[in-house]
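Enquirer: First the structure, which I've put down as structure tokens, then a few questions once you've had a look.
Derivation of every value follows stated rules applied to the coordinates shown; laboratory data play no part. Small disclaimer: the values here were computed from a predicted structure and weren't measured. Don't worry about glycine lacking a Cβ; one is built from the backbone with ideal geometry, like all the others, and counts go over all protein chains shown.
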Amino acid sequence: MEEVGQGYLKELISRCMVQLVDKDEFGTVTAVVVHDRLHAFAQEEAQEACFVESHDSTDVLAPATVRRLAVQNTTDRHVHLGNALPKLRTIVCDFANGGAAKPSVCIHSTDLGFLHASKFLRVIDIHGLELKKLPDELGSMIHIRYLGLQCGQLERLPSTISKLGERLEFGDGAFRSLQKLRLGLPDLEEWAVSAGSMAALVRLTLLRCAKMEMLPEALGGMKELEEVVLYSMPKMVGRIKEDGGQDHHKIKHVPVIQTIW
């Protein structure tokens, strides 16, 4: 599905419908911009078709029928979502690092309390929020296919999947449908995964988890795992080397292993 989306995006670029801004090391399009007139036209058409709603406010008034919610904010890092969203399938929060956001403002667990009603969530991608903890409901969501956490202030994960402090633990059968996992937790030291957890995992990305001591032993039993990507983790790169790496046996079955400095 991701490859199909990239194909459509490149087609739009070739037709000058959108303008390319940036690509990653693998040639994947990561950022584009849309001309003002085209953006206004697309937004108007999407709203008339009830396909998209846009709110220019930190108090997001999302309707109960919303299926995909994207939150972007460069002036503040506090977003309040009060109403339940039972039909929600995807939530994406992207707060640019180093922007004008107020560093003292944090999102509290009550601000994400609406997740208790979102039983069918498939994608959770949280980037740049000054988030201290996540709601307990996260650990019991069995339909999650993609989980992305890049929160430098994150101190605690739900008790259903983790212990307190610098240890992250996925218990028996956790995230059975999860296909892609992306973790950017700079203070994480130990990551424990029980056998049977993330059995469907296809792609694992670890970003700047510099304090992580070792990879979970359970990775060796994940037969569906096709790709492991390590960003700015020199210590871990040494541990996965084929010649004498302490963690090499855990991922030797993985077809694609990429290390990016």
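Enquirer: Using a simple spin-label model with points 7 Å from Cα along the Cα→Cβ vector, what separation in nm is obtained for residue 253 and residue 49?
Expert: The modelled label-to-label distance comes out at 4.3 nm.
Enquirer: Still on this structure, please answer the following. Distance between the C-alpha centers of the stretch 9-57 and the stretch 165-215? Whole Å please.
Expert: Their Cα centres are 32 Å away from one another.
Enquirer: Next question. So how do 250, 23 line up by other beta-carbon neighbours within 10 Å, fewest first?
Expert: With the sparsest Cβ surroundings first, the list reads 23, 250.
Enquirer: Estimate the FRET efficiency between residue 15 and residue 120 by the formula 1/(1 + (r/R0)^6), using the beta-carbon distance for r and 41 Å for R0, to the nearest 0.05.
Expert: 0.75
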